[in-house]
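Worksheet: the structure to be examined is printed underneath.
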Amino acid sequence: MTTGKPVRRIAIIGTGAIGASWTALFLAKGLEVIATDIAPDAEASLRRFVQAAWPALERLGLSPGASQSNLRFTADMPTAVRAGDFVQENGPERIDFKRKLYRELDELLPPDVIIASSSSGLTMSEIQSACRLHPERCVIGHPFNPPHLVPLVEIVGGTLTSEATIQRAAAFYTALGKQTVRLRKEVPGHVANRLQAALAREVYYLVAEDVVSVADVDKALSWGPGLRWGIMGNVMLNHLGGGAGGIEHFFDQFTGPMTAWWKVLGSPELTPEVRRKLIDGLHAEVGTRTVSDLEAQRDEILLGLLELRARHEAPAAASQKADRAA
């Protein structure tokens, strides 16, 4: 595979929640987007989403050339992808659909065009197995919802993905301001969703066993560890939890209690009764707030956190650069 030409135009396949959010981000970064989707009213829905997301993106800072007018739409997938320098695919999570699509993309596109999938669960090895020409340019570029605000992108290669593709994809996403995580091997659900799944299992267990209400388990997370996780990751927080002795002291002090808790963590079944308990508890917590109300609250607080982190991390990055130069 060649190093590829500079990426200026993104082809978006699938303009549901994830594809629309990616579109808004790419436009905000000064890129051109040509999007495709066969769903009825897909173009109008996409443009509404981008327009609604634009004030938040302006607040975070638009790149030179950023404009909603850089969006084109066509229902014809081959036309869309032939115009792209980079493909971000957001189709249904069905392996039969993905294999058929990637076989077609592989035949349509020049070999230096990366095909990145937003798939949250399927592996690239499964997907790229249908590509007969250039499977090495296929990679997972899994965002965290909503991609136009949350910086995380998980990069996962398949068995046939080249190192050059992984490096190019990482460089592309990083240049957009994304925080990239590279998985060294494929696992179902990648990393972030597996972490969420592990936590969700215990949340559902505690509610199912009547240890705590839905409202209180949500409060315990969002006003306790969730606040810290918005600043630092688990292992770094373990380091701080050890005080002056750091992570070494943390393990000396807490290995026993922590591993004892592991042995009694729950494995709930989402029976109709447990699901009803969670649903009823959630609606009691929500009250009269709509999904739109909750999304607006989430995004406003998220924007504040992103702005706060940016203010604190810029001096830290400059200090690290100075230390390396010394």
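The values are calculated or read from the model by the stated rules, or taken from the named source; none is laboratory data. Note that the structure is a prediction, hence the values are computed from the model and not measured. Neighbour counts run over all protein chains shown; Cβ positions are idealised from the backbone, glycine included. Surface accessibility is based on the protein's heavy atoms, side chains included, excluding ligands, DNA and RNA. Shrake-Rupley method; radii C 1.70, N 1.55, O 1.52, S 1.80 Å.
Beta bridges assigned by DSSP with both partners in the chain are antiparallel in approximately 15 percent of cases.
Largest GNM mean-square fluctuation across A11, A198, A169, computed for the chain with C-alpha springs under 10 Å, falls on A198. Among V212, V87, V139, the residue with the largest mean-square fluctuation in a Gaussian network model of the chain, with springs joining Cα atoms closer than 10 Å, is V212. Among E269, E186, E107, determine the one that fluctuates most according to a GNM of the chain built with springs between C-alpha atoms less than 10 Å apart. Sorting by GNM fluctuation, first place goes to E269. Taken about its Cα centre, segment 129-194 carries a charge dipole of roughly 40 debye when the Cβ of each Lys and Arg holds +1 and the Cβ of each Asp and Glu holds -1.
Against the chain, whose longest principal axis comes from its Cα atoms, helix 42-60 is set at around 60 degrees. What translational diffusion coefficient, to the nearest whole µm²/s, does segment 1-115 have by Stokes-Einstein, given a Kirkwood radius computed over alpha-carbon pairs, a temperature of 20 °C and 1.002 mPa s viscosity? Estimated via Stokes-Einstein, D reaches 149 µm²/s. Seen from all directions on average, segment 159-256 presents a Cα convex hull projection of 9.7 nm².
Can you pull the Rg over Rh of segment 79-148, Cα-only, Kirkwood? Present the calculation step by step, with values, prior to reporting the outcome.
Numbers: Rg = 11.3 Å, Rh = 12.1 Å.
We get a ratio of 0.93 for segment 79-148.
Given R0 = 22 Å, the distance between the Cβ atoms of S69 and T174 translates into a calculated FRET efficiency of 0.25.
If you take every DSSP beta bridge fully contained in segment 111-205, what fraction is antiparallel? Give it as a percent rounded to 5. Looking only at bridges with both residues in segment 111-205, the antiparallel portion is about 40 percent.
Which value, in Å to one decimal place, does the Kirkwood hydrodynamic radius take for segment 125-193 when every pair of different Cα atoms is included? Kindly include the intermediate steps, with their values, before the conclusion.
Working: mean 1/r = 0.0807 Å⁻¹.
Its Kirkwood hydrodynamic radius stands at 12.4 Å.
Computed from label points 7 Å out along Cα-Cβ, the spacing between A39 and R276 is 3.1 nm. Size descriptors for the chain, from the alpha-carbon set: Rg then Dmax equal 21.8, 62 Å.
With the full set of protein chains in place, find how many percent of the accessible area of the chain is carbon and sulfur; take the probe as 1.4 Å.
The C+S portion of the solvent-accessible surface of the chain is 58 percent.
With all protein chains kept in place, the per residue accessible area of the chain amounts to 56 square angstrom at a probe of 1.4 angstrom.
Return the FRET efficiency for the residue pair S162, D252: r is the Cβ-Cβ distance, R0 is 45 Å, and the value is rounded to the nearest 0.05. Working shown, then result.
Details: r = 44 Å, r/R0 = 0.97.
E between S162 and D252, to the nearest 0.05, is 0.55.
Taking a straight Cα-Cα cut-off under 18 Å and skipping sequence neighbours fewer than 8 places away in the same chain, the aspartates and glutamates within cross-link reach of K5 are E32, D85, D106, D112, E136, E163. Can you tell me which lysines have their Cα less than 19 Å from the Cα of K277? Leave out same-chain residues fewer than eight positions away. In chain and number order, the partners are K219.
For K100, the aspartates and glutamates whose Cα comes closer than 15 Å to its Cα, not counting residues fewer than 8 places off in the same chain, are E89, E126. Residue separation of R289 and E104 scaled by 0.36 nm, minus their Cα-Cα distance, works out to 62.2 nm of gained length.
By how many degrees, between 0 and 90 and to the nearest 10, does the Cα long axis of helix 95-108 differ from the longest principal axis of the chain? Helix 95-108 sits roughly 30 degrees off the main axis of the chain.
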